[in-house]
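Remarks on the structure that follows.
Derivation of every value follows stated rules applied to the coordinates shown; laboratory data play no part. Computed from a predicted model, the values in this text were never measured in an experiment. Ideal geometry is used to build each Cβ from the backbone, glycine not excepted, and the neighbour counts take in all protein chains shown.
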Amino acid sequence: MAELTTQVLELLATEPKLRPADMARRLSVPEWQLVSRLPSELIFTLPGIHGQTILEQVAEWGRVTTIMEVAGSIFEVKASLPKGRVGYGYYNLFGEPGQLHGHLKLDAIANISLQSKPHRGNEAYAIVFYDTDGDCIFKIYLGRDEQGTLFPEQVVAFNALKELKNV
C-alpha cells in the first residue's frame, strides 16, 4: 500500500498533466486505488451513498460535461444534467433532446471523488463515480463558457459538495 502511494506521487511529480485514468493504467491498478492516494489538494473523497444527492444538486447547475469512457473510447454530453427519479432499482434520467438519458444503478456506486486537478493545462473540476471494483462509472466536469472559462457558481457549488462528508 505504501509502495503504491509512493509510485503514485512519483508519477504525479514526473508527469503532472497525466489524467488519473491514464495514471491508473500505467500502474496497472483500478482508478479508485490510484485516486484515493493522490494528495488531498487534488482529490476529496466521499462514499457512494451520496450519489443521488450529488446528481440532484448537479441537475441545478446548468451545462456540464458528462463523460463515459469504455474500452478506450470517450463519449461526452455537454448539456445540463437532467433531473432524475428513482424507480425499478435505478436513478432514471429522462432529459430533453440533447441531454443525457439513461438508467444509473445507484447501489453500484461505491465511491465518489471530487477532483480539482488541472486537465491539459487548464483548471478543471470533476465529480467521478466509481464501482465496487474501483473502476470509473462516469465523470461530470464543470461547465465552461464560450471562452473556456469555468462557470464560477459551479465551482462554488462543487466545493460545497465537500460538506456531504459531515452528513
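Here's the picture: a label point sits 7 Å out from the Cα of Asp135 along the beta-carbon direction, and within the stretch 64-79 the residues with their amide nitrogen under 16 Å of it are 68-75. Rounded to the nearest angstrom and listed largest first, the equivalent-ellipsoid semi-axes of the chain from its Cα gyration tensor are 25, 19, 15. If you take all other residues with their beta carbon under 10 Å from the beta carbon of Met68, and give Lys and Arg +1 and Asp and Glu -1, the sum is -1. Which of Thr66, Thr45, Thr53 moves most in a GNM of the chain, Cα contacts under 10 Å? Result for the chain, Cα springs under 10 Å: Thr53 fluctuates most. Taking the Cβ of Val58 as the centre, find all other residues whose Cβ is under 12 Å away and add up their charges (Lys, Arg: +1; Asp, Glu: -1). Residues close to Val58 contribute a combined charge of +1.
For the pair Lys105 and Ser40, a Förster radius of 25 Å applied to the C-beta separation gives a FRET efficiency near 0.30, rounded to the nearest 0.05. Computed from point charges on the beta carbon alone (+1 for Lys and Arg, -1 for Asp and Glu), the dipole magnitude for the chain about its Cα centre is near 80 Debye.
Among residues other than Lys83 whose Cβ falls under 9 Å from its Cβ, what is the net charge (Lys/Arg +1, Asp/Glu -1)? Result for the local shell: -1.
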